[in-house]
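The values are calculated or read from the model by the stated rules, or taken from the named source; none is laboratory data. The structure displayed is predicted, hence computed values, not measured ones. A quick note on method: Cβ atoms are made from the backbone with ideal geometry, for glycine too, and the neighbour counts reach across all protein chains shown. Surface areas here come from the heavy atoms of the whole protein model, side chains and all, with no ligands, DNA or RNA. Shrake-Rupley method; radii C 1.70, N 1.55, O 1.52, S 1.80 Å.
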Amino acid sequence: MRNDNYIFFYYLSLFFSASALFVSCEKSEAVSESKYNEKANELIGQIVSDNSCNCMLEIPKESIIAMSAIERPNYDIRKPLLEHLNLKSSSELDSLIRLSNNFILDKNLLMRNKVKLVDLEFLKSLKRNFDLKTCSKGVICIQKPIFDKRYKTAIITYTYAFTCSGGFIMTYIYKNGKWVEIETAGNSRHD
């Protein structure tokens, strides 16, 4: 009987240890997602305020990697992402991308900048009707950023609707309380 009690308490302690570990991981993931939302909204807000567009297309649910595969199937965006974020493996990149899965755009930052959020159907109707009154200063299309582990470097892509440009893959660094744009592998907004 004594041996059975020992085994019972051994398994019970394993259960509680595993439960504590699971709860701890869940909590740290929630903190990471919260930090991601904070930093992503900060960067997007800065890009929106630095641009003259008065409309923004809803941000796609897909990641930069998924969108790149759709838009440019022959281009492997993973390599420059790994390089510019100083990551060692694709699994590190994948874990950082997963943080963006539950991104929630802070719509107040758009209101502060007098930018209207539009959906794809609205954008299609603008193109069909050539009625650009609502978005007279243009429509910016932004994708969810990817950050390094310390949230000091970010990669984000954006473009403008109804232009021939293929979009910009920009690297930003966080310096003195502000996101500063730097060049990315020859793809600069100024090229």
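Descriptive notes on the structure:
- Solvent exposure ordering (accessible area, 1.4 Å, most first) of Leu120, Leu96: Leu120, Leu96
- Solvent accessible area, Å² - Thr153, 1.4 Å probe, full protein context: 20 Å²
- Ranking Lys61, Lys149 from most to least accessible surface, computed with a 1.4 Å probe over the protein chains only, gives Lys61, Lys149.
- Using R0 = 22 Å, the C-beta based FRET efficiency linking Lys152 and Ser34 works out to 0.80.
- Note on Glu58 and Ser90: the model spin-label points, each 7 Å out from Cα along the C-beta direction, lie 3.1 nm apart.
- Residue order by solvent-accessible surface for Lys175, Lys133, Lys144 is Lys133, Lys175, Lys144, largest first, with ligands and nucleic acids left out and a 1.4 Å probe.
- Leu117-Lys133 pseudo-label distance in nm [points 7 Å out on the Cα-to-Cβ vector]: 2.5 nm
- Distance in nm between pseudo-label sites at Asn74 and Lys107 (7 Å out along the Cβ direction from Cα): 4.1 nm
- For Lys152, solvent-accessible area (1.4 Å; no DNA, RNA or ligand), Å²: 90 Å²
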